[in-house]
Structure formats: structure tokens, C-alpha cells
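Peer 1: Mind looking over this structure? Questions follow.
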Amino acid sequence: MDAQAPVILPFGDAALTRAAAAIRDGGVVAVPTETVYGLAADARCADAVARVYAAKGRPSFNPLIVHVSDLKAAARLAVLDDDARALAAAFWPGPLTLVLPLRDGAGLAGAVTAGLPTVAIRVPAHRAMRALIAASAAPIAAPSANASNAISPTRAAHVAASLGAAVPLILDDGACPAGVESTIVAGRTILRPGPVTREMLAAVLPVAPGRTAHVSAPGQLAHHYAPRKPLRLDAVARQGDEWLIGYGAVAGDDTLSAAGDPVEAAARLFDALHRADASGRAGIAVAPIPEAGMGAAINDRLRRAARR
Ligand code: AMP
Ligand code: MG
């Protein structure tokens, strides 16, 4: 077998049995979620979590999101106040991560929280991640399954191209439906915009975008999700040798959504950036995306990708 290539198995019983065994043995497995593909490990196992950081080349001061099956499992790891319970009731299972006080005796590996007194928790909706949590009977720590600072993966092939042999097994269940990383909320502060939009959150709680004092992590670093080429935003036409990613009326070499639908655009965003990066062109330009709804998450990722 090619030592450089991970095994890619279609989602199903055989793949799941093998993936769950790998998780129980302290290994890592790539698995799709509704946001992006994650690099999964048992969140209670320090060696497994160390393998996640090593495979990504991720600095160990950046905490990981822990994925669990339901609110009860979340409450065994963290303390949920009334605000957190209201958000969980509205958006779990789904692409919302809550930063919560870590419960005493939660049993998570210290590296998962990077030593913080808080833990980021999500109850995912995607059948593959849900099945892996159930089959391995473990809380699953999973950052995006790409090399640190590279574009997030929304297809199994993106994972294989970015991580290679560092990930032995990839569960392939097609393209990720939401396509951008989860919304992260701490208290009433939106730390990272995502598929659960500010408008959706505001229907439940008065929330506002902001930052936390103590976390410096990729989700909040200015430079992240970057392609290898210069990226120009708000482009209405190609300049020189650029690959133009269109939106709405701006047609390009590719489009995020010809219909101007921000939800479709988010689902296509990282795939489009991967393709632009792989094109022979010297630079990438992206059409303007309106900021409302899912547009906030798209523009957040694009701004970080454009910064060098
Ligand atoms: P990723 O796994 O790449 O989607 O990134 C997870 C992100 O969650 C990190 O980059 C942080 O921004 C955020 N995060 C995780 N744990 C915490 C925490 N305890 N406090 C604040 N933010 C966190
Ligand atoms: Mg990431």
C-alpha cells in the first residue's frame, strides 16, 4: 500500500467499525460534519489529542472543540447556565459551538482546552460524526482536518491532499452541507460567525460579536484559512492573471452562487478556494458578498484568507 495515502472509505457499517476501533485505540480519524471535515480523537486521551495537534502542525495553545451526542453528555463535561441552555435548545444538534465553564472531573485531556478553565462543546447534526460518537462511546475532540493555517476541508479529497499519511483513515460522506466552521458563542458574545447566524442567535438571546481576553486561537487569529496565493476581495472584474470567483451578477472562472444565495455560497466557499489555489493563475479575486445572514461567516473567512 502507498504509505503516503490515507485510506478513504465510504460512510457505512464497515467504515464506522474501523473508525470507532481507531478512536478507542487512541488513534485519529477524519470524519465529515455539517460544517467541515474534522480530525477526530478521543477527547479523554492525552496521546490521541497529541496526535491531532501533531498531524495538523497546530500550536498546542489553540484549544479544540469537543463533540458530544446530546445536551446530557455536554452537561457531564461543562456547566450550562440558562443562556447556554436556551441556545442549546434552539440550535443543537447543529453548527453551534458553546464555550462553557469546564466541569470538575470532566476527564478531558488537558491539551483539549489548552489548559483553559473553559471548554468549547458542540452537538453535531451530521450522521457520520453522530455515528462515530455513538460507536466509539467517547467525547470526540475534532478541529478541522487540514494542516494548520491551510484552507478547511469540505471534501474527503481535500483532507487527503492536506494531511496525507498523517491521517490513516478518512470517512467519506460527500461534501459538507454548511461548508464553513461552526458559529462559536461564549456567554452572549459571538467569537466566530458561522452557519448559525447572528440574526438566528438574536431571536433567542441578545448577542454581539466580540473577543475573549484569554484565547488566542486560529478561530480568532487574523491570519487563518489561507490559500497559498494572494487573495483580493470585493472584485468586480479580473485583474491580470487572477482566478476570479464570482457571486451573483459577477461571473468569474467559478461562482460561489450564480443566484446570489449566501447559504449555497458558504457550502461552496472552501471548495472554490481549493480549486483557485490549484489553478495555474498567480492570484485569486473574489466578488463582493453581502454581509447579512451567512454572508458574515463567508466574509470573516475571506478577510482572514486575504491577510498575509
Ligand atoms: P477549530 O477546531 O479549528 O474550528 O477551532 C476551534 C476554535 O474554537 C478555536 O480556534 C477557538 O477560537 C475556539 N475555542 C475552543 N475552545 C475555546 C475556549 N475554551 N475558549 C474560547 N474559545 C475556544
Ligand atoms: Mg481549523
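Peer 1: Quick one: which residues, 5+ away or cross-chain, put their amide H under 5 Å from the amide H of Ile65? H built at 1.01 Å from N.
Peer 2: Under 5 Å from the amide H of Ile65: Ala142.
Peer 1: Normalised by the empirical 2.2 N^0.38 Å for globular proteins, what value does the Cα Rg of the range 1-86 take?
Peer 2: That ratio works out to 1.26.
Peer 1: Quick check: net charge around Ala166, other residues with Cβ under 13 Å of its Cβ, Lys/Arg +1 and Asp/Glu -1?
Peer 2: +3
Peer 1: Roughly what % of Cα-Cα distances in the range 21-173 sit above 18 Å, to the whole percent?
Peer 2: Above the 18 Å cut-off, the range 21-173 has 52 percent of its Cα pairs.
Peer 1: Once the convex hull of the alpha carbons of the chain is built, what does its volume come to per residue, in cubic angstrom? Display every interim value, and only then the final one.
Peer 2: Details: hull volume 37.2 nm³, N = 308.
Dividing the Cα hull volume of the chain by its residues yields 121 Å³.
Peer 1: Provide the per-residue ³J(HN,Hα) series for the range 264-275, in order, calculated from phi with Karplus coefficients 6.51, -1.76, 1.60 and θ = phi - 60°, each as a whole number of Hz, with x at glycine and proline positions.
Peer 2: 4, 4, 5, 4, 9, 4, 5, 4, 5, 5, 4, 5
Peer 1: If you don't mind, there's one more thing I want to ask. Can you run phi through the Karplus equation (6.51, -1.76, 1.60; θ = phi - 60°) for the range 188-202 and list ³J(HN,Hα) in whole Hz, with x for Gly and Pro?
Peer 2: Running phi through 6.51 cos²θ - 1.76 cosθ + 1.60 with θ = phi - 60° gives 10, 10, 7, 7, 8, x, x, x, 7, 6, 4, 4, 5, 5, 5 Hz.
Peer 1: Here's something else I'd like to know. Could you run the Karplus curve 6.51 cos²θ - 1.76 cosθ + 1.60 with θ = phi - 60° over the range 128-140 and give me ³J(HN,Hα) per residue in whole Hz, x for Gly and Pro?
Peer 2: Listing the rounded values in order: 6, 5, 5, 5, 5, 4, 5, 5, 8, 6, 9, x, 10 Hz.
Peer 1: Heads up, I need the accessible area for Lys229: 1.4 angstrom probe, whole protein in place, Å², nearest 10.
Peer 2: 30
Peer 1: Taking H as built 1.01 Å from N, whose amide H comes closer than 5 Å to the amide H of Arg103, not counting residues under 5 places away?
Peer 2: Hits under the 5 Å cutoff: Ala78, Val79.
Peer 1: Taking the Cα centre of the range 6-163 as origin, sum charge times position over the Cβ atoms of Lys and Arg (+1) and Asp and Glu (-1), and report the length of that vector in debye to the nearest 20.
Peer 2: Working: 14 positive and 10 negative charges, 55 e Å.
The calculation lands at about 260 debye.
Peer 1: How do 139-145, 263-269, 111-117 rank on mean C-beta neighbours within 10 Å, highest first?
Peer 2: Order by mean packing, descending: 139-145, 263-269, 111-117.
Peer 1: Just to confirm, what accessible area per residue do you get for the chain at 1.4 Å probe, in whole Å²?
Peer 2: 40
Peer 1: Can you show me the helix-derived [θ] at 222 nm for the chain, built from DSSP H runs with n ≥ 4 at -39,500 (n - 2.57) apiece and divided by the number of residues, rounded to the nearest 500.
Peer 2: When only DSSP H runs of four or more count, the value is -9000 deg cm²/dmol.
Peer 1: Sticking with this one: If you roll a 1.4 angstrom probe over the protein chains with everything in place, what fraction of the accessible area of the chain belongs to carbon and sulfur, to the nearest %?
Peer 2: 56
Peer 1: Here is a follow-up. Give me P(r) over the range 260-308, computed from all C-alpha to C-alpha distances, binned every 10 Å, as integer percentages.
Peer 2: Percent of pairs per bin, in order: 24, 57, 18, 1.
Peer 1: Let me check against my output: what whole-number percent is the relative contact order of the chain, with C-alpha pairs under 8 Å and at least 6 apart?
Peer 2: Details: 713 pairs, mean separation 63.2, N = 308.
That works out to 21 percent.
The values are calculated or read from the model by the stated rules, or taken from the named source; none is laboratory data. Because the structure is a prediction, the values reported are computed rather than measured. All Cβ positions, glycine included, derive from the backbone under ideal geometry; neighbour counts span all protein chains shown. Each accessible area value is taken on the protein alone, full model and side chains, heavy atoms only, with ligands, DNA and RNA left out. Shrake-Rupley method; radii C 1.70, N 1.55, O 1.52, S 1.80 Å.
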